């Protein structure tokens, strides 16, 4: 740009016919204000051209679905609104770092007097991003390598790879995600993985190597997912002192299962929501597509939130599940449910409730758990408007039960079994919200209804996680 | 296990008498168990019968993975889990039952030497024939080993086991041997055993010891197991005193008593 000399009070000449303000018009602008505003809203415009600048490897036809709506705008405010929505849709694809919208009048020979050109100026994400971390903890060190390739073939496919090489164990995961053009909520995902886990509460070590294919699609207000998974599971004892019941579960098995999940989520946030509800129903059928494991597993999760007076929120949640073996083989410890700990029934040690043998918890085939919380802001509201908003105090009441079922007695006996020997706890604590994914809790808990064999953690208990009761 | 831990376990073991519900675990008898595992398991069963200790044999498909050392067989006695003949002999000794108390030091050393011979020669030969001979591996070992599992896990586990055994054979120098050489080694081992046995009823004259149990386990299993060729069984049959030795132990300890 050249130097601009302001030698007079004349306004600088503006380029662009949409303004058209000349020095002569200044005095009359005030009078023309109201009609001009009307003009903006009522003026009929035609969007002649919508195009995207800055595309590299992205397929342009793939993006037409996202921006097609802009053509239907009829006045300027509508154009601005639809362009904003299109911008959100483009960002949601996860392939652009930045999207900017420029609305201009049409140029060129076929330009109509009320024609507009909308341009989306985008910056694509880099072809490949990588990350490298080292992690140390629990007598083990490991090196974690992550690779992400967004937009591999130009249609918002994403390929991620993570590899963790440790002194004790190695694990990896490769995932490919492809949305349907024009309908981002309908997508397919294929994963290959190997994960190892150590579960000291059961003295169990588990290594899973698996493949899964997942198909998600929305139906009305719900989100549905269909998934096939094939996993080679290897179970072993974590220590020589493991109980014989856990030792009997050691060995290899193959699980091939079909599962379906339905989620309705109307909450305004997944961590510390203020209103709305969540309903999640999941079922899994294993054994009919091959493999050794054969069972039907159902579980559900319900959560309801309601804002009360004084910025406090009342939240109620209910979890439950049932595992039915099909055939005469008993269920495997890797499929059963576990309960207890700072993320479910507070006041009990992690997954240390229910059937056990010599101190090793074996899990149960049926469970239910309920929680009632009252979240309030911190007393005296320190740090209000900033850091203090991440914290909340909560008063809670948790209850639940986990047991095995004696089959052949009918549903009445099952319900009766679950209603006996209920464990419950109450207390209060502080919750810290971490981003939009996780939360930390520090609670003072009083466990009640403790059955023999349960391990409790009364008093102060710390918990970190994603999914809390 | 470290020495201190072993000593501690022996102390704990010595405290309790042999229970009624002691169990021995091995792979499934009809479809899964292989020659080497069957031999080891039979040796332990013979030893426990010679000690007059009751034990119940339970067949489980995942017995190999249940075992603390990964080897068959293992016994579950009270709270203790002990695998393989050597540690089981020590375990029973801690409880006050032993077959080799009457031996002097020279004889004990000799017994240990012969047991090492059987383990290094006979057991290794069995493993070689099962997994390194392609015909046997394809027809018998791999199908049997993987029978409890479904596809594709059965193939993965069978090949994994085969590679593991072949690596081990290479490590101890048996990788380059031919089947004929292995049969020769077996013959030589049997000759040494036959010479030591002579005309006595058991290796150390009147009373059986753990060496007798071990030799019986291996020889009896080889004689009664169907392989792709009968060569191995024929080599053993050429030593008649070993044959009568096997028959004698079978009659005294396995027939007439319900298994």
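FYI, it's all coordinate maths here, none of it is from the lab. Here the structure is a predicted model, which is why all the values come from computation and not from measurement. Here Cβ is always computed from backbone atoms with ideal geometry, including for glycine, and neighbour counts include all displayed protein chains.
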Pop a pseudo-label 7 angstrom from the Cα along the beta-carbon direction at both residue A:75 and residue A:129 and give the gap in nm to one decimal.
4.1 nm
Using only the alpha-carbon atoms, how far is helix A:410-419 inclined from the longest principal axis of chain A? Give it as 0 to 90 degrees, nearest 10.
80 degrees
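State the dimensionless ratio Rg/Rh of segment B:145-224 (Rg: radius of gyration of Cα atoms; Rh: Kirkwood radius). Working shown, then result.
Values: Rg = 17.9 Å, Rh = 15.8 Å.
We get a ratio of 1.13 for segment B:145-224.
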Chain B - percent relative contact order, Cα under 8 Å, separation 6 or more
24 percent
Footprinting proxy, A:109, A:229: sorted fewest to most Cβ within 10 Å, the residues are A:109, A:229
Quick check of the Kirkwood formula: for segment B:62-182, what is the inverse mean of 1/r over all pairs of different Cα atoms, in Å?
16.9 Å
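Fewest to most neighbouring Cβ within 10 Å: what's the order for B:204, A:348? Walk me through the intermediate numbers first.
Values: B:204 20, A:348 27.
Ascending Cβ contact count within 10 Å gives the list B:204, A:348.
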Averaged across the residues of A:245-252, what count of C-beta atoms belonging to other chains lies within 10 Å of each residue's C-beta?
6
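Given contacts defined as C-alpha pairs under 8 Å and at least six residues apart, what's the relative contact order of segment A:373-425, whole-number percent? Walk me through the numbers before you get to the answer.
On the way: 48 pairs, mean separation 18.1, N = 53.
Computed over segment A:373-425, the figure is 34 percent.
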So for R0 = 41 Å, FRET eff. of residue B:110-residue A:245 from the Cβ-Cβ r, to 0.05, ends up at 0.45
Rounded to the nearest 500, what is chain A's calculated 222 nm mean residue ellipticity when only DSSP H runs of at least 4 contribute -39500 (n - 2.57) each, over all residues?
-3500 deg cm²/dmol
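Using alpha-carbon pairs under 8 Å, 6+ residues apart, how would you state the relative contact order of chain A in percent? Display every interim value, and only then the final one.
On the way: 1088 pairs, mean separation 34.2, N = 469.
Computed value for chain A: 7 percent relative contact order.
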Against the empirical 2.2 N^0.38 Å scaling, what ratio does the C-alpha Rg of segment B:105-254 come to?
1.14
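Given Cα positions, please report Rg to Rh for chain A, the hydrodynamic radius being the Kirkwood one. Write out the running numbers ahead of the final one.
Values: Rg = 29.4 Å, Rh = 27.1 Å.
A ratio of 1.08.
Evaluate E = 1/(1 + (r/R0)^6) for residue A:161 and residue A:185, where r is the Cβ-Cβ distance and R0 equals 35 Å; express this FRET efficiency to the nearest 0.05. Can you show the working numbers first?
Working: r = 25 Å, r/R0 = 0.70.
So the FRET efficiency works out to roughly 0.90.
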Footprinting proxy, A:441, A:169, B:116: sorted fewest to most Cβ within 10 Å, the residues are B:116, A:169, A:441
How far is helix A:26-42 tilted, in degrees, relative to the longest principal axis of the Cα atoms in chain A, given as a value from 0 to 90 rounded to the nearest 10?
50 degrees
Taking Cα atoms, the helix A:76-92 axis meets the longest principal axis of chain A at an angle in degrees (rounded to 10) of 40 degrees
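Of the DSSP beta bridges with both residues in segment B:3-95, give the percent that are antiparallel, rounding to the nearest 5. Intermediate values should be presented prior to the final figure.
Working: 7 of 11 bridges.
Roughly 65 percent of the DSSP beta bridges within segment B:3-95 come out antiparallel.
Between residue A:452 and residue A:279, what FRET efficiency comes out of the Förster formula 1/(1 + (r/R0)^6) with R0 = 30 Å and r the beta carbon distance, rounded to 0.05? Before the final figure, lay out each step's value.
Details: r = 35 Å, r/R0 = 1.18.
It comes to 0.25.
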